[in-house]
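Read the structure below first, then the notes.
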Amino acid sequence: MNIHTYEKLWLAAAMVLIVGFIATITYGAVGPGVSMIDDDGGSIDPDAISDHERFGDTGVTHVGGDEYEVDVVAQAWSYSPGEIEVPAGSEVTFYVTSRDVTHSFSVVGTNINTMVIPGEVSQMTVEFDEPGEYGILCNEYCGQGHHNMEGKLNVVPEDEFNMTELDVEAPSEVEAGNETTINATVSDGMQTDLETTATLEIGDQRYEEDVTISGAGSESVEFAVDTDELGAGDHDWTVTAAGYEERGTLTVADGDGGSDGGDGDA
């Protein structure tokens, strides 16, 4: 049988296209890791999300090494947390559930794209090798505010990422001659020990305390302030620890008009 030259060319082109389609599908499944989201994440009572051990306090958790978990709650019409930060070179597992209706959780530019159904927990794992910024969108119509439902995922350089927090409690006013304290709590979410120095500067006084925090823990430091040395008036204070800083003002009242106040600006 004689096959025309043009027919041979079309047959060859068709075979190339078929092989190309098969190669593309294979790469999509094996390379980026396309897979169906199953029920491995478990189930949850959508009416008791706030009391759930995982979703009661959403956000990023350091599991160990370069592994992190992110707990997310979708609700009309936002995500909690609305902005997520993880380090480059990390492996991140997302656990996502819905508080009300069916939403979706799609991280633009990645293979994360799943429906978020009330009563179910979607579980997805992805690796972020390079720093970048990704939008988070809901692709499932969920009501009149659907078009405003979005979030942000920031992948920052590893040396710029930390999970340290500084919280300061201080009186706003104290009577001269009375003892007073300024308390600083340093928290760290990483599963590694953190050694730092907490420093208080107020007036001409400077106090320093070394702080060692065990993995995913916190430590408090109490600074005893000499109000007689400060003297009457307003005194700005600054507390620093682990690269963080909090400021406030302590008023030392002269005479009987002073009183112990509540927390200062922090």
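The values are calculated or read from the model by the stated rules, or taken from the named source; none is laboratory data. What you see is a predicted model; the values in this text were computed from it and never measured. Glycine also receives a Cβ, built like all others from the backbone with ideal geometry; neighbour counts cover every protein chain displayed. Ligands, DNA and RNA are stripped out before the accessible areas are found, and what is left, the full protein with its side chains, is counted by its heavy atoms. Shrake-Rupley method; radii C 1.70, N 1.55, O 1.52, S 1.80 Å.
Against the condition part of a strand (DSSP E or B) and open to solvent by less than 20 Å² (accessible area, probe 1.4 Å), how does VAL70 come out, does it pass? Write out each step before concluding.
Numbers: part of a strand (DSSP E or B): yes; open to solvent by less than 20 Å² (accessible area, probe 1.4 Å): yes.
When the stated conditions are applied, VAL70 passes them.
Considering only the range 82-94, how many residues are within 12 Å of the chain's Cα centre (by Cα), buried (at least 17 other Cβ atoms within 10 Å of the Cβ) and in a loop (DSSP other than H, G, I, E, B)? Summing the residues that are within 12 Å of the chain's Cα centre (by Cα), buried (at least 17 other Cβ atoms within 10 Å of the Cβ) and in a loop (DSSP other than H, G, I, E, B) in the range 82-94 gives 0.
Beta carbons closer than 7 Å, at least 6 apart along the sequence or on distinct chains, pair a first residue in the range 200-215 that is more than 24 Å from THR251 (Cα to Cα) with a second that is assigned to a loop (DSSP other than H, G, I, E, B) and open to solvent by 80 Å² or more (accessible area, probe 1.4 Å) for THR212/ASP193; ILE213/ASP193; SER214/ASP193; GLY215/GLN191; GLY215/ASP193. Only one entry in THR97, THR61, THR110 is open to solvent by less than 30 Å² (accessible area, probe 1.4 Å) and out of contact with any Cys (no Cβ under 8 Å at 6 or more places or on another chain), namely THR97. Does SER104 meet the test of being more than 24 Å from ASP47 (Cα to Cα), among the polar types (S, T, N, Q) and surrounded by 15 or more Cβ atoms within 10 Å (Cβ to Cβ)? Considered against the rule, which asks whether it is more than 24 Å from ASP47 (Cα to Cα), among the polar types (S, T, N, Q) and surrounded by 15 or more Cβ atoms within 10 Å (Cβ to Cβ), SER104 comes out as no. Within the range 158-173, residues that are among the hydroxyl-bearing types (Ser, Thr, Tyr) sit with their Cβ atoms under 6 Å from residues that are assigned to a loop (DSSP other than H, G, I, E, B), at 6+ positions apart or across chains, in these pairs: THR164/ALA242; SER172/GLY261; SER172/GLY264. Just checking, does the range 234-241 include any residue being small (Gly, Ala, Ser) and surrounded by fewer than 16 Cβ atoms within 10 Å (Cβ to Cβ)? No, the range 234-241 contains no residue that is small (Gly, Ala, Ser) and surrounded by fewer than 16 Cβ atoms within 10 Å (Cβ to Cβ).
Yes or no: the range 31-50 includes at least one residue that is at pLDDT 95 or above and in a strand (DSSP E or B). Within the range 31-50 (the criterion being at pLDDT 95 or above and in a strand (DSSP E or B)), the answer is no, since none of the residues qualifies.
Restricted to the range 135-214, the set of strands (runs of 3 or more DSSP E) holding at least 1 residues that are touching a Cys at 6+ places or on another chain (Cβ under 9 Å) and open to solvent by 50 Å² or more (accessible area, probe 1.4 Å) comprises 150-156. The set of residues from the range 162-209 being small (Gly, Ala, Ser) and more than 19 Å from the chain's Cα centre (by Cα) comprises ALA170, SER172, ALA176, GLY177, ALA184, ALA198, GLY203.
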